[in-house]
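Since every read-out is calculated from the coordinates, none of them should be taken as a lab result. Treat the numbers as computed from the prediction; the structure is a model and nothing was measured. Heads up, the Cβs are rebuilt from the backbone with ideal geometry, glycines too, and the neighbour counts pull from every protein chain shown.
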There are 4 protein chains.
Amino acid sequence: MTDDETGRPIGKERWQIPGGHVPVDSTGPEPEMVSHDRLCLLNAGTEMAILEILLYYADGREAGPYPLTVAPRRVRHVRINDLIDPYAPPLGEDYGIVVESNEPIVVQFSRQDTTHAERATLSSIAYGE
Amino acid sequence: MTDDETGRPIGKERWQIPGGHVPVDSTGPEPEMVSHDRLCLLNAGTEMAILEILLYYADGREAGPYPLTVAPRRVRHVRINDLIDPYAPPLGEDYGIVVESNEPIVVQFSRQDTTHAERATLSSIAYGE
Amino acid sequence: MTDDETGRPIGKERWQIPGGHVPVDSTGPEPEMVSHDRLCLLNAGTEMAILEILLYYADGREAGPYPLTVAPRRVRHVRINDLIDPYAPPLGEDYGIVVESNEPIVVQFSRQDTTHAERATLSSIAYGE
Amino acid sequence: MTDDETGRPIGKERWQIPGGHVPVDSTGPEPEMVSHDRLCLLNAGTEMAILEILLYYADGREAGPYPLTVAPRRVRHVRINDLIDPYAPPLGEDYGIVVESNEPIVVQFSRQDTTHAERATLSSIAYGE
């Protein structure tokens, strides 16, 4: 179901999200209620997708590349807060995300902000090309 | 109004949403206030659209395919919680959605999270190609 | 600034939004806090854009077409609740939106839900082609 | 990592957002909790991006162009409220945004609404072409 009649796989290999910003404060129990930015990666194809995630900041610093794999016919949701190898990205700062994959995937970006007692959420399919 | 001058119908036949996750908890009366992920399917064409919805999880499990139809010139909103045939998808887990249609349609994804007393909502047009 | 070097205008002439649903209840003063779905229409070109808006429901009913114009180099935000000619669309029901324009425009969809004391909001660029 | 094998840079040079509207009221400490619309601009390329931002209103007024640069491999988040040169855009009014860049970039639009004690947030990748 994942390839069309021409055998063309679904998705793109390069994705970008300009609006990264992990809120510093959280309200409520860990890990469910921790404020976070989240990358949602869907590999509906038949080949392992090998990714690199790179974060760009406003002052010229970069974080990563963070290596990641998404197995065929699987989804993987990754909190930016949980990227720690080679090093943890700083919180509370503006950043943009570049995702590069060797296989076509689809990428969605979401934020959960629990600075206050109630959740605020947002989400958008990333820009792919 | 639904076809352009070349007779080309509006929409795509293959859509994906990587960011599925139905919140387990809800606050308030059923069914209005139940936490849910929702697929919104618009068939603005003149032919019946015959769909298959497939859910991919993080651990390699799949749910579906769930068969669905959208009549010509109609909209259909489907809560993921309400997909039960062939079996109900598990809640509280990360998943991605693949929608395949025999006719061009347009797909939007939304979430209502009522874990707390106030609603949190998000929405995005899905990735179509 | 609105046409590129080839003179090609920015935007699309056909847009769709599958996820329409105006919440029935509101909390707070009119008109600011009334629950609503909103179409945001940007005509950055140099010609008057003449639009027709059509609403499709789940049961086969249609509402409209609602005629609308957007002057050159202007934005126009329209609450679905305020479409009343030829007749007011029903609230509290699922619907999809088709926008047709004689000139390229860009369309964004937003919802404000004040069923409860706090606002819930969502937004997405519509699907254009 | 930012150019594909053909050397084609990632992104678009022309972006539009129809749904601008900065809420007039805010709750909580400045600057974090001030209601605002935000443009998130990602330049993942190797050349300085030189931008002009133009705001279109419902009554035919325009604000700007506001000049802006985004250095190579950097992100820049700009609150519409903070655009003051050549003059501050009016708050509490509907507007649309046109971003023109000499280099390919990616643009995301977000709103934080703190009219009430809790944040409401929304976000969407802009329309690029």
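Could you pull out the chymotrypsin sites (Phe, Trp or Tyr not before Pro) across the range D:55-115 that fall in loop regions by DSSP (anything but H, G, I, E, B) with no more than 14 other Cβ atoms inside 10 Å?
Here the sparse-neighbourhood loop sites are D:Y87.
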Please check: in the Gaussian network model of chain C (C-alpha springs, under 10 Å), which one of C:G19, C:G28, C:G64 has the largest mean-square fluctuation. C:G28
Listed residues A:E32, A:E13, A:E100; largest mean-square fluctuation, Gaussian network over chain A with Cα springs below 10 Å, found at A:E32
For the range A:12-128, convex hull volume per residue from C-alpha positions, Å³: 95 Å³
What spacing in nm lies between the two simple spin-label points modelled at A:E32 and D:D82, each 7 Å away from Cα in the Cβ direction? 3.6 nm
Arrange the following residues from fewest to most other Cβ atoms within 10 Å of their Cβ: C:V22, A:V106. C:V22, A:V106
Leading residue at positive end of dipole, the range D:12-128 (Cβ point charges), from D:A71, D:P31, D:Q112: D:A71
Mean separation of Cα pairs under 8 Å and 6+ residues apart, divided by the residue count of chain B: what relative contact order is that in percent? 38 percent
Using a label position 7 Å from Cα in the Cα→Cβ direction, what is the ascending list of nm distances from B:P67 to the same site in the other copies? 4.5, 4.5, 6.4
Partner lysines for B:K12 [C-alpha distance under 19 Å; skip if fewer than 8 residues away on the same chain]: A:K12, C:K12
Output, in nm with one decimal and in ascending order, the distances from the C:G28 label point to the matching label points of the other copies (7 Å from Cα along Cα-to-Cβ). 1.4, 1.4, 2.0
Dimensionless Rg/Rh of the protein assembly as shown, both radii on Cα and Rh by Kirkwood, sits at 0.93
Label point 7 Å beyond Cα along the C-beta direction, distances from C:E129 to other copies (nm, shortest first): 1.5, 1.5, 2.1
Running Debye on the range A:78-129 with equal point scatterers at the Cα sites and no solvent, what base-10 log of I(q)/I(0) appears at q = 0.13, 0.17 Å⁻¹? -0.43, -0.72
The range B:47-83 to the range A:14-33: how many Å between their Cα centroids? 29 Å
